[in-house]
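The values are calculated or read from the model by the stated rules, or taken from the named source; none is laboratory data. Computed from a prediction, not measured in an experiment: that's the story for all the values here. Positions of Cβ are backbone-derived with ideal geometry, glycine not excepted, and every protein chain shown enters the neighbour counts. The accessibility values were calculated without ligands, DNA or RNA, using every heavy atom of the protein model including side chains. Shrake-Rupley method; radii C 1.70, N 1.55, O 1.52, S 1.80 Å.
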Amino acid sequence: MRKSIATVSLSGTLIEKLEAIAAAGFDGVEIFENDLLFYNGPVRDVRRYAADLGLTIDLFQPFRDFEGVSEEQHQRNLARAERKFDLMGELGAPLMLVCSNVGTDVPDDDGRAAAQLYELAERAARHQLKIGYEALSWGTQVRTFDRAWRIVEKANHPHLGLILDSFHTLALPDDWSSLPGLPGQRIFFVQLADAPRLGMTPLTLSRHFRSFPGQGDLDVPAFLQAVLATGYAGTISLEIFSDETRSAPPRLTAEDAFRSLRLLEEQARKQPAQQDKTSGMLRRRVELFDPPPAPVIRGIRFVEFAVDQRNEGPFVALLDQLGFRRLGRHRSKQVSLFGQGDIRIVVNREPDSFAASFFLMHGPSVCALALETDDALAALGRAEAYGASRFDGRVGPNELAIPAIRSDAGSLIYFTDHEIAANFESDFEIEPEASPPALLTRIDHIAEALPDGRLDSTVLFYRAMLGLEPEASVMLADPYGLVRSKAVSNRERTFRMPLNISESRNTVTARSVSNYAGAGVHHIALATDDIMAAAERLKARGAEILPIPVNYYDDIQARFGLDDMRLEALRDANILYDRVGDGEFLHFYTMPFEDRFYFEVVQRIGGYDSYGAPNAPVRMAALAANRMSARDLAEL
Ligand SMILES: O=C(O)c1ccc(O)c(O)c1
Ligand SMILES: [Mg+2]
């Protein structure tokens, strides 16, 4: 479908916005009047510049509170409209958006609104222009598309049509069962936006918290499917008013925006088809984006750490305390492979490699994740279809090339499959040695800390690239501020990734982002089937475990009624506890490595499906206390 976006959705000057919109792949733009007023130059230049970039100007929105006014005001409005029609002629914009009146004394009189819009359409027709009428969900009289449609129908002018906006219909929420029955050719334009459900009035929600489809809680795919069932084959356009995008870099926002429309098309295509009641035929007349399906992710094949000569030793010592064994060294690179159970960790300090450049930017950190899929090339194909940048690394003779993309954070996501996995370890000289039975068996989840403002974008990235779905968002209280957390995971729960952002500068999350100079993995959770034995073995191997305050254990005893023996065992081992229904979650943490990342050991019992969020504040407080005492020691 043709794709457009309103200039209000991005930060920057009009020229910056147009460049970002064109670069992301859009066909057209909606221009808000302010963007034009603030542009210092002839309007014709804007038209020419947009055309040079390959963008059409699809819509212009120059004023509000048009319809349902006194006769005197109506005449003034028409005179003003004439000036705007001339401007639209210079801009080359064919359609004027008129949104429903939000004034204080608008009469309940659809006849008057229809007559006034008729006259506006008549004037527009003389300029070969059209008028689109849109119901704002906070309009004084007209709040629903249904009522706006009745007015358009009553006016009955070929240059007057309806503009739909998913936000107004879904946020109200309005009954939109009649929408698929509208005549598609009378819908002149369709605006799309999502939003989180925050319990606010539609006006406040709309002006500050709109988001791109797929980033909020509204069912925009079903809305689009209903629009397409009318036979509508025009443009779909994003119109986002958001405090976040107002300050985000316009290029990033435009890329996200374009990706969100593609994902929306894919999701709308999968909606149950809407049938035309009379003919029984599917009325959708447009092609929708059809990328390769989301990969089946079997798990994490390996996690790769970038280190240098100085911190390789301490990091390898930490792996050893966790019970990892060096399985082998790379045949030609300064890369080692460590393993335990199904977990594989690659430690990379090869100069002139991707890992080395990542290390220069971010210090010791996770520079790559390898996901085990059913078909690595198909997974790469989907990611590329969604605009991922593909990464082709340096591959030595007889070495394996693994398909990879860059993540939102700049690290790599490798795709492996059965064939690649079989060859992967052949790049290493494997050291034969019987290992003790593994206590840590696989990676349960990988948590990432993101810079403020990047959560929605990252969730969209993982939805599009990997077909992951977001879980409910939770607020966690760090002693130094709030942390918002939202996990993305696949249906099989073989890949889980909690994503955290913090608005305050001193939380564990914010410190991690600041230490990494960007997004980064801040903890890796390793699964065990016997957390008591794992805690004991780690302790015996010299691992430092994050101490948990004893008061915490009084509280969980009161909350969950744990028996004394079990409680004592948990307390002695600094293990945290959570329970939902019959499911239990037991977990403990290692001390952070250079104030960056740490490991968590987790045991899930009886179908527990989340991440111990009620315990997150205890962990954050314990980490903060540990940091304070480390500082006190350093100052002695
Ligand atoms: O918030 C507003 O005023 C506003 C303006 C135009 C629109 O298309 C819209 O959906 C909202
Ligand atoms: Mg709108």
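Below is a table of values for the structure above.
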{"read-out": "All positions within the range 4-59 that are within 16 Å of ligand 2 (Cβ to nearest atom) and in a strand (DSSP E or B)", "value": "SER4, ILE5, ALA6, GLY28, VAL29, GLU30, ILE31, PHE32, ASP58, LEU59"}
{"read-out": "Restricting the range 394-412 to residues that are of a type outside the set (D, E, K, R) and not in a loop (DSSP other than H, G, I, E, B), the residue that is surrounded by the most Cβ atoms within 10 Å (Cβ to Cβ)", "value": "ALA404"}
{"read-out": "Evaluation of THR230 against (1) on the phi > 0 side of the Ramachandran plot; (2) open to solvent by less than 10 Å² (accessible area, probe 1.4 Å) (one fails), failing number", "value": "(1)"}
{"read-out": "Any chance PRO107 is within 16 Å of ligand 2 (Cβ to nearest atom) and without any contact (Cβ under 8 Å) to a residue 40 or more places away in the chain", "value": "no"}
{"read-out": "Helices (runs of 4 or more DSSP H) fully within the range 239-346 counting 1 or more residues that are among the hydroxyl-bearing types (Ser, Thr, Tyr) and open to solvent by less than 50 Å² (accessible area, probe 1.4 Å)", "value": "243-247, 250-270"}
{"read-out": "Residues located in the range 464-501, provided they are closer than 17 Å to ASN615 by Cβ, crowded, with 16+ Cβ neighbours inside 10 Å, hydrophobic (A, V, I, L, M, F, W, C) and over 16 Å from the mean Cα position of the chain (by Cα)", "value": "LEU476, VAL483"}
{"read-out": "Failed item, numbered, when LEU136 is tested on (1) crowded, with 18+ Cβ neighbours inside 10 Å; (2) more than 13 Å from ligand 1 (Cβ to nearest atom)", "value": "(2)"}
{"read-out": "Wholly within the range 502-591, helices (runs of 4 or more DSSP H) carrying at least 2 residues that are open to solvent by less than 60 Å² (accessible area, probe 1.4 Å) and in contact (Cβ under 8 Å) with a residue 24 or more places away in the chain", "value": "508-516, 531-540"}
{"read-out": "Residue match in the range 78-96 (condition: within 16 Å of ligand 2 (Cβ to nearest atom), open to solvent by less than 20 Å² (accessible area, probe 1.4 Å), of a type outside the set (Gly, Ala, Ser) and modelled with pLDDT of 95 or more)", "value": "yes"}
